[in-house]
Amino acid sequence: MTRCRRSLALRPPFSHFINNDGSYDSICPGCFLAVATRIDQRDLAKFEAWHECEHEKMETLYDSVEILPELIHALRPGGLMIYKTYTEAQSNFAGGPTNPAYLLKENELLHLFPGFHVLHYAELIRDCGMAEFAGRKPR
């Protein structure tokens, strides 16, 4: 387990998210784990002050989707997967991959992580065709 406890002055701020039931989640900026869930947002600070990260996240960019089963298996339960890759829209731009074998169809990346709690998903078409996924593996 990697410890990344730092002084509060050096630690980036925790992100707070409002749940459907009105409670708040505090998400650690180091390990992306939910530190606490509380009804009153002010109650999160004491949990944030004592949190010690366990790095359980995996980030990847433009890997072949053929290795996804191994990546998913290697990720610990409750761990965070961040995955970015190119979509078929990339074929409309200069540079980057153009081989159709490495370009995903619309929403394909989203469906490659069954059972994951989706935290973020986007398909962007700006300077390239890119899909982004962030999700938590079931415990």
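The values are calculated or read from the model by the stated rules, or taken from the named source; none is laboratory data. Just so it is clear, the model here is predicted, and its values are computed rather than measured. All Cβ positions, glycine included, derive from the backbone under ideal geometry; neighbour counts span all protein chains shown.
Among the residues of segment 50-83, those that are modelled with pLDDT under 80, assigned to a strand (DSSP E or B), within 18 Å of HIS117 (Cβ to Cβ) and not aliphatic (A, V, I, L, M) comprise LYS57, GLU59.
When TYR86 is tested against (1) part of a strand (DSSP E or B); (2) modelled with pLDDT of 80 or more; (3) under 21 Å from LYS137 (Cβ atoms); (4) over 15 Å from the mean Cα position of the chain (by Cα), only condition (3) is not met.
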